[in-house]
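Here the structure comes first, spelled out in structure tokens, and everything after it is commentary.
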Amino acid sequence: MAVQLAPLQHPLGIWNQFLARQSETLVLREKVMSLTGDSFDIKMQNGQPIFKIQGKVMSISGRKSVYDMGGNHLFDIVKEHLHIHATYAAVDPSGRKLLEVKSSFARKFYHQLQPYSL
């Protein structure tokens, strides 16, 4: 069951030029089995590109670098290892972690494996 959060009263973001003033639809078309290292664009519904994603070929972390259309490196998305559940982080070019996303499926599965105390 999906839970819908109430909208924030003030915009939340890092880069002002990417704050949406209204609800927006983004289109992401990832090319599976691409020789370019899994690179693609994220576009507005009208076709205007906003972000360029460049995947690294043969990367263990599945690193994807996110750029604006001016070629400015915004952040990388990396899979963090040594976690019980699937964990991904967004890291800025200086190495500072901006956010972390953890899989709830793996967490539920892990909790089901825990022994019960009597």
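The values are calculated or read from the model by the stated rules, or taken from the named source; none is laboratory data. Please read all numbers here as calculations on a predicted model, not as lab measurements. Don't worry about glycine lacking a Cβ; one is built from the backbone with ideal geometry, like all the others, and counts go over all protein chains shown.
All but one of (1) under 28 Å from Met44 (Cβ atoms); (2) loosely packed, with under 13 Cβ neighbours inside 10 Å; (3) of a type outside the set (Phe, Trp, Tyr); (4) modelled with pLDDT of 90 or more hold for Leu99; which doesn't?
Leu99 satisfies all of (1) under 28 Å from Met44 (Cβ atoms); (2) loosely packed, with under 13 Cβ neighbours inside 10 Å; (3) of a type outside the set (Phe, Trp, Tyr); (4) modelled with pLDDT of 90 or more except (4).
In the range 19-51, what residues are surrounded by 12 or more Cβ atoms within 10 Å (Cβ to Cβ) and at pLDDT 85 or above?
Residues satisfying the conditions are Val27, Phe40, Asp41, Ile42, Lys43, Met44, Pro49, Ile50, Phe51.
Within the range 72-96, take every residue that is farther than 22 Å from Lys52 by Cα and loosely packed, with under 12 Cβ neighbours inside 10 Å and give me the one that is modelled with the lowest pLDDT.
The residue in question is Leu82.
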